[in-house]
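Chemist: Questions regarding the structure given below will be posed in turn.
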Amino acid sequence: MKNKWILFSYSIPAANAKARMRTWRRISATGAAQLKTGLQILPNREELMENIIWLIGEVNSLGGEAIALQCAQVEGMADQQIEQLFQAQVDPEFEQIQVEATALLNTTDPLADEGRIKEVSATLRKLRKRCESVRERDFFPSGAAARTLKVLDAISEQLRKPEQTDLPLARLDRTDYQGRVWVTRARPYIDRLGSAWLIQRFIDPQARFRFLLAGEKVNQDQGELPFDMAMGEFTHQGELITFEVLIRDFALHDAALTKMSELVKHIDVQEGALPDDANLLKTLLDGYIDLTPDDHQLLERTRQLFEALYAGFLKNTAPSTT
């Protein structure tokens, strides 16, 4: 029978209170659950066993004693009972994140004030990071993580709506962005590749692209336009990724692009499990990247992928004439 659990027991001299507290915090950070006083349990996973081996060495260096055992079952407790111990540790943390997230929209209407939108967006990003941190210890998900992500996604959607509905007209004139050199970092991924396709397809058909290596800079005095970089106007803004910013600023509103932006965002943000269609697109994209070391060639290959995706969505979202 395969060993399913790691049992870990340790003791540190009482005189070394700081070391005892530090060790306890590090054990807690692994996600271990307490079976009995001085006896911790973890799922038997390689990365967790590595952490425990490291902790054993630290406990020994402090003059203490520690031991770890791998076992298939714990007599007197069913596996389901042990799994519930882990759930009891992380589920309240997920619930607290939900409470804090919901409270963001309860005091005032964030959609009426741009400053409030930025404030809520910043807090929402922190809550997402907390959620991801807790998920690393969510060894036996009960559904609390999925519910928390659903709450966070719903708030994100509310924050995006004013961007889409209050500003239907183009913020920028496409004629001012023709024949330009668009610059981004080397080894582009989903948002940069999708944005490059969007730029050449709908904004600047004669666009040229340059990919910055480490130490290289954008020549803005020569008219180069950075995108999906910290500098410049075409990059992440609040909850919007670069692909969405370009759609908004140049009023590229059609149902096919909306569907594409959802996939691009799923892959770029990667919060939770990807939907099947986003996962398939990511798999294809990863394959292109592995097979294509040259960024310009990669851009050309993935441009065909985005063009085919757009054509498919365009066909599926076109109104019926029958």
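Chemist: Consider Arg25 carefully, then state whether it is free of Cβ contacts under 8 Å to residues at least 24 places away in the same chain and surrounded by 16 or more Cβ atoms within 10 Å (Cβ to Cβ).
Modeler: no
Chemist: Considering only residues that are out of contact with any strand residue (DSSP E or B) (no Cβ under 6 Å at 6 or more places or on another chain), not in a loop (DSSP other than H, G, I, E, B) and not acidic (Asp, Glu), which ones fall in segment 35-48?
Modeler: Lys36, Pro43
Chemist: When you scan segment 188-243, how many residues do you find that are small (Gly, Ala, Ser) and closer than 25 Å to Leu284 by Cβ?
Modeler: Of the residues in segment 188-243, 4 are small (Gly, Ala, Ser) and closer than 25 Å to Leu284 by Cβ.
Chemist: Is it true that Arg187 is under 28 Å from the mean Cα position of the chain (by Cα), closer than 17 Å to Ile267 by Cβ and part of a helix (DSSP H, G or I)?
Modeler: So Arg187 fails the test.
Chemist: Pairs, please: C-beta under 7 Å, at least 6 apart or cross-chain, first residue of a type in the set (Ser, Thr, Tyr) and in segment 258-284, second not in a loop (DSSP other than H, G, I, E, B)?
Modeler: These pairs meet every condition: Ser261/Phe243; Ser261/Glu244; Ser261/Ile247.
Chemist: A further question on this structure: Take the residues in segment 255-289 that are of a type in the set (Asp, Glu) and under 16 Å from Ser195 (Cα atoms); name whichever of them is nearest to the chain's Cα centre (by Cα).
Modeler: Asp268
Chemist: I'm trying to understand the selection: among the residues of segment 18-34, which are within 27 Å of Gly76 (Cα to Cα) and assigned to a helix (DSSP H, G or I)?
Modeler: Trp24, Ile27, Ser28, Ala29, Thr30
Chemist: Please find, within segment 217-246, the residue that is surrounded by the fewest Cβ atoms within 10 Å (Cβ to Cβ) out of those that are in contact with a strand residue (DSSP E or B) (Cβ under 9 Å, 6 or more places away or on another chain) and in a helix (DSSP H, G or I).
Modeler: Checking each candidate, the answer is Gln222.
Chemist: Let me ask something else about it. Based on this model, can you work out whether Trp182 counts as in a helix (DSSP H, G or I) and either among the aromatic types (Phe, Trp, Tyr) or at positive phi (or both)?
Modeler: Judged against the criteria, Trp182 is not a match.
Chemist: Now a separate question. Please go through (1) out of contact with any Gly (no Cβ under 9 Å at 6 or more places or on another chain); (2) modelled with pLDDT under 95 for Ala88 and return the number of the only condition it doesn't satisfy.
Modeler: Tallying (1) out of contact with any Gly (no Cβ under 9 Å at 6 or more places or on another chain); (2) modelled with pLDDT under 95, Ala88 fails exactly one: (2).
The values are calculated or read from the model by the stated rules, or taken from the named source; none is laboratory data. As the structure is a computational prediction, the values presented were derived from the model and not from experiment. Cβ atoms come from the backbone with ideal geometry, glycine included; neighbour counts cover every protein chain shown.
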